[in-house]
Amino acid sequence: MKLELHKVKVTGVQWGPVTELRNGVLTVNKAELLAKVSGDERLASLDADLALPGEKTRIVPVKDVVEPRCKLEGKNEVFPGFIGDVESVGMGKTLVLDGAAVVTCGKIVGFQEGIVDMSGPGAQYTPFSQTNNVVLIFTPAEGLERHDYEEAGRLAGFKAAHYLASAVKNSVKADVVETFDFPTLAQAMTAHPGLPKVAYLYMLQTQGLLHDTYVYGVDAKRIIPTLICPTEVMDGAIVSGNCVSACDKNSTYSHLNNPVIRALYERHGKDYNFVGCIITNENVTLADKKRSSSYATKLAKMLGVDGMVITEEGFGNPDTDLIMNCRKAETLGIKTVLVTDEYAGRDGASQSLADACKEADALVTGGNANEMILLPPMDKVIGFPDFANVIAGGFQGSLHEDGAILVELQAITGATSELGYSKISAYTM
Amino acid sequence: MAERPEVFTNNAYLARRVAGECRFVEGSAFDVLVALRDRIHSGARLLTHPLCGNLRPYQQPFRSALLAPPSEGEPLSVCPSSLALVEEALAVYRSCQGRWALPGKIPAAVEEDYACVDAALMQDSLERHGLWRGAC
C-alpha cells in the first residue's frame, strides 16, 4: 500500500472572507467553518477562536487535537467511519496542512481534559503550542447524556479538520511530498535478509466512557487484535475518543503523526525489517486482557518477528496490559522495547508503573506526569478556566486569584505522550 | 453454571444500577480495595482490574470491581494474580496517601461525573454477567 502525504506548510492562521491558504497563512471564513460543523442538535452552542504560537493564550479544557487532512487522490476520505466511508484508506494522495490544528474544547464532565498554553513555561511541554490552532468551543444541549456530548464534540473536530483541508485543496501545491509504501506480507518476509524482523504493537485506550478509541469507526474495545497498515493510520483510521489524562492520551493528531511508525520507517531496511503493525486494546476485564495480549503476541509470532516496540496509552489498569504484552512476547522469544510514561510522585521516588515484570528490561519513558509546574496567568483564556481546580493533575486551590495555575504535568495536553509525540527528551551526560 | 459474581463498590450511583445484591462499602476507594483483598484471601478472584479508569486516587473518589466467588465445595485457594493486582492497586493509593479524593469531599457536580464514569466503565462487564439494570 502506497500513500503520498502532500504537506503544505502553515505558518499562521487568521479570520477572513474566504477560506484559503496563501504564503503559508491559512485564512478561515469563520461563518462557513461554523456552518460546516454545526447542525448537530446535541450541541447547544458552537463557537470558534484562534490561538497562535507565542501568544499569551491558554486553551482549557482541551478535548482533542486534529490535524487538517483530506484526500487528494484515492478511494474514500480521511477519518473513515466518521468523515469517510468505511472502505480502506492508506493509499493514494493525502493533503496535510502541516503546522495547523483543530483543537476541540468543551466541558464534557467537571474534571479532566487538558491545558494548552501558547507561550510561557507550559508551552514548553505541549507540541500544540507550536501549531496554528483553530479552536472549537462547544456546550451541550440541556439534558444531553455524556456519551452523546463526547461523540458530538469528537465529530465536530473531524468535520472542521476535513473542511479546512478540503477548502484549500484545489489551490495549493505541496511544499513537501512524503511517500510511504508498505509491502505485502509475502514481500516483507523475504526482504532485507540478514536484518532482524520488527513489528509494532500499538495499544489503544478502550476502557469506556471518555476512555475510548475508534478504528474505522469501530469502538476498539470490541475488536480482537489485528494487523493495520501504517499508512492507514496516517489517513485517520485510528481516532481518539479519549479525553482522560491529558498528558498521555493519544490525540487524533498524535495518531496521524505517530512518531514510532515514522521512526520504524526511517530505519527500515537499514537496521531492521519493519514487517507489521498490530493494534490491540486496553479493556477492563481480566479475561479481555488475557485474550488480547495472547492474541496480539500470537500475531507477532506468526509474523516471525525478532523484536517488537510496544506503546501504551494511559496508566494504572493499562499497565497490566503493557506488562502482559511484554511478558508474553518475551516468552515467545520476541525482544521488546516498551514506551510508557511515569507516575512516580512529585519527587519522582515512587514506583512508576502499577505493574512490572523482569522481562521489561528495555523501556523508554515519556516523563513523570506528577512533576509540578506553575503556569503563569495569560492575557486570554479560551474555554472554561474555572475547571483548572478539578482538572487532572490539578487540585483544590490550583487556580490562583491572578489566573496562574499550579498543576502536575498530567494537566498539560500531550506532555508525556506515550507515542513520543511530545517535547520532553533526554540526552546522555 | 458459574455462580453470580460479586460487585464491590463505594459508588451509590453504580449500586443503584446493579441488578440484585451489591457489596456496598461505606468509605473510600482504598477501603474498597481492602475489602477486595479480604475477599480474595477468602478464595474469590478478580474479574475486572481494580484500577480501571485513567483517574488517580486524588481525583476519583470511587472504586468498583467484579469478583468471582469461591467455588462451593472446593478447598480454599487464594488466586495469586488477583492478590498481586489488588496489592499493586493498594500500593498506588499508598503512594499518594493524604491526597485521596473522598466521597462527599469534592463539589457535588464533579462527584456525580466521577460516579457516572466509574459506573460507565463497569457497565460492559456487568452486562456480560446480567448484572446491569439501568442506563448510566
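The values are calculated or read from the model by the stated rules, or taken from the named source; none is laboratory data. Note that the coordinates shown come from a computational prediction; the quantities given were computed from them, not determined experimentally. Backbone-built Cβ (ideal geometry, glycine too); neighbour counts: all protein chains shown. Keep in mind that these areas ignore ligands, DNA and RNA; they rest on the heavy atoms of the full protein, side chains included. Shrake-Rupley method; radii C 1.70, N 1.55, O 1.52, S 1.80 Å.
Provide a list, ordered by number, of residues in segment A:264-286 showing at least 50 Å² less accessible area with every protein chain present than when their chain is taken on its own, using a 1.4 Å probe. Output list: A:VAL284, A:THR285, A:LEU286.
Within the shell defined by Cβ-Cβ distances under 13 Å, the residues around A:VAL260 carry a net charge of -2, with Lys and Arg each +1 and Asp and Glu each -1.
Solvent exposure of A:TYR125, expressed as accessible area, is near 60 Å², computed with a probe of 1.4 Å over the protein chains only. As a rough guide to protection, the peptides A:399-406, A:247-254, A:97-104, A:190-197 ranked by mean Cβ packing within 10 Å, highest first, stand as A:247-254, A:97-104, A:399-406, A:190-197. Ligands, DNA and RNA left out, the accessible area of chain A computed with a 1.4 Å probe is 52% carbon and sulfur. Within segment A:76-113, whose backbone N sits under 11 Å from a point 7 Å along Cα→Cβ of A:THR226? Residues A:88 fall inside that zone. Taking Cα centre as origin and charging only the Cβ of basic (Lys, Arg, +1) and acidic (Asp, Glu, -1) residues, the dipole magnitude of segment B:19-75 rounds to 280 debye. Of the accessible area of segment B:4-136, computed with a 1.4 Å probe over protein heavy atoms only, carbon and sulfur atoms account for 50 percent.
Under the shape rule built on the C-alpha gyration tensor, where the axes satisfy a ≥ b ≥ c, segment A:165-260 is oblate, since a/c reaches at least 1.5 while a/b does not exceed b/c. Potential lengthening of the chain between A:ASP347 and A:THR428 amounts to 27.0 nm, from the contour at 0.36 nm per residue minus the alpha-carbon distance.
Applying a threshold of 27 Å to the alpha-carbon distances of A:LYS7/A:LYS270; A:LYS249/A:LYS380; A:LYS249/A:LYS270 flags A:LYS249/A:LYS270 as lying beyond it. In the context of the full set of protein chains, chain B has a per residue accessible area of 43 Å² (1.4 Å probe). Secondary structure note: in chain A, about 45% of the DSSP beta bridges are antiparallel.
Taking 17 Å as the straight-line reach from the Cα of B:LYS105, none of the lysines fall in range once those fewer than 8 positions away in the same chain are excluded. With a Förster radius of 45 Å applied to the C-beta separation of A:ALA263 and A:ALA44, the computed FRET efficiency comes to 0.55.
Relative to the current alpha-carbon distance between A:LEU374 and A:THR190, full extension at 0.36 nm per residue lengthens the span by 60.9 nm. The solvent-accessible area of A:VAL25, taken with every protein chain present and a 1.4 Å probe, is close to 50 Å². Interface A-B: total buried accessible area of about 2800 Å², 1.4 Å probe, protein heavy atoms only. What shape does chain B take by its C-alpha gyration tensor, where a ≥ b ≥ c are the square roots of the eigenvalues and a/c under 1.5 counts as rounded, a/b above b/c as prolate, and the rest as oblate? Oblate is the answer for chain B, as a/c is 1.5 or above yet b/c matches or exceeds a/b.
Between segment A:259-279 and segment A:174-188, the C-alpha centres lie 11 angstrom from each other.
Among the listed pairs A:LYS9/A:LYS71; A:LYS75/A:LYS423; A:LYS2/A:LYS290, which have their C-alpha atoms separated by more than 24 angstrom in this model?
The pairs that break the limit, which is 24 Å between Cα atoms, are A:LYS75/A:LYS423; A:LYS2/A:LYS290.
Over segment A:275-429, accessible surface divided per residue gives 39 Å², non-protein components excluded, 1.4 Å probe.
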